[in-house]
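Values quoted throughout were computed directly from the atomic coordinates according to the rules given, and no laboratory measurement underlies them. Keep in mind it's a predicted model, so treat the numbers as computed, not measured. Heads up, the Cβs are rebuilt from the backbone with ideal geometry, glycines too, and the neighbour counts pull from every protein chain shown.
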Amino acid sequence: MFHQSVCLFIVVFVMLLSESCLAECPGGTMPNGFCWPTEGSAKLLGWHGENESYPGGVHLAQDIRANEGDDVYAIADGTVLHNSMSIGGYGGVGRNGGGLIIKHKLSSGEEFVALYAHLKNISAGTTVEKGNKIAEIGPYLGGTVHLHFGIRFPFNDDNNRWAGYGYGSDNGFTQPIAFIQNNAPYVDFSDSSKTVEATVRKVGDAAWYPPNVDCLDAQVWFRVTQTTCYSASRAICFEIMDACPAF
């Protein structure tokens, strides 16, 4: 949030932004910069089975309703650890299906893994960039088509890596939606090969470009902190106005 003190500090300067700061999230951006992982948004079966249709057992992910063929996106920059089209149960009841396990990093530098499952046409290489299309939603025999999206934190890549529904413990998984809502992705500001020079006007953690226009008339908006930055929307202008009535 903005405070009245930031109203005094509207500065124009040249800064180097990581290309990750400019990355678009086709499915939408979470509050602190992670991308939503697919085109769909309706939640189906939640963490620990938050659906009365699935009593008992432990569900270690968020199922996100989607259509077969919808795009699946990387929530942040990362490294692909596992890529398989033969995971038991991930094609529906009794059928193999596709999945990806990708290592990502928080703004703190801590690593975690994300599980993306019920996939087809996997296109991810050895590394992915935030917002990249990495696969498509695959078929799900005997049930509703969806993306199975899980988070393991702290980092863990043991033999329970593909764990989904019906397990007796969390196996290191955590509530995935709360995780990407409440945390920010890592941004490597030191990689000069992946930086973009931009002149911006900045208020608090909000920045916009070009600098010779008011916030509402800008072309691009960002949030920039000491540890992360990410593409924002025009809505940041209204946050500034609320904190700085004379802005």
Query raised in the report: If the chain between S41 and T174 were fully stretched, how many nm would it gain, using 0.36 nm times the residue separation less the Cα-Cα distance?
Result: 45.9 nm
Report task. Can you tell me how much longer the chain between S84 and N67 gets when fully stretched, taken as 0.36 nm per residue apart minus their C-alpha distance, in nm with one decimal? Result -> 4.1 nm
Query - Where labels lie 7 Å past Cα in the beta-carbon direction, separation of E24 and S108 in nm - result: 3.3 nm
Query raised in the report: If one computes the Cα centroid of the range 68-108 and of the range 120-170, what distance in Å separates the two points?
Result: 3 Å
**Report entry** Neighbour-count order for I134, I87, fewest beta carbons within 10 angstrom listed first
**Finding:** I87, I134
Requested in this report: Report the relative contact order of the range 58-182, percent, no decimals, based on alpha-carbon pairs under 8 angstrom and at least 6 residues apart.
Outcome: 33 percent
Query - Burial ordering of L45, L147, fewest other beta-carbon atoms within 10 Å first - result: L45, L147
Query raised in the report: Label V11 and D157 with points 7 Å out from Cα along Cα→Cβ: what is the distance between them in nm?
Result: 4.0 nm
Query raised in the report: How high is the relative contact order of the chain, in percent, counting Cα pairs under 8 Å that sit 6 or more residues apart?
Result: 26 percent
Query raised in the report: For the pair V213 and T144, how long in nm is the line joining their label points, each one 7 Å along Cα→Cβ?
Result: 4.1 nm
Requested in this report: Among the listed pairs K43/K194; K120/K194; K43/K120; K103/K202; K133/K194, give every one whose C-alpha distance is greater than 26 Å.
Outcome: K43/K194; K120/K194; K103/K202
Report summary line: Taking Cα atoms only, Rg over Rh for the range 58-182 with Rh from the Kirkwood formula is 0.93
Report summary line: In nanometres, the difference between 0.36 nm per residue of separation and the alpha-carbon distance of D188 and R95 is 29.5 nm
Report summary line: FRET efficiency (F238, Y165; Cβ distance; R0 41 Å; to 0.05) is 0.50
Report task. Just rank V145, V187, fewest to most, by other beta-carbon atoms within 10 angstrom. Result -> V145, V187
Report summary line: Low-density loop chymotrypsin sites (Phe, Trp or Tyr not before Pro), the range 95-187, at most 14 other Cβ within 10 Å, DSSP non-H/G/I/E/B, are F155
Query raised in the report: Over all distinct Cα pairs, what is the inverse of the mean 1/r for the chain, reported as the Kirkwood hydrodynamic radius in Å?
Result: 19.1 Å
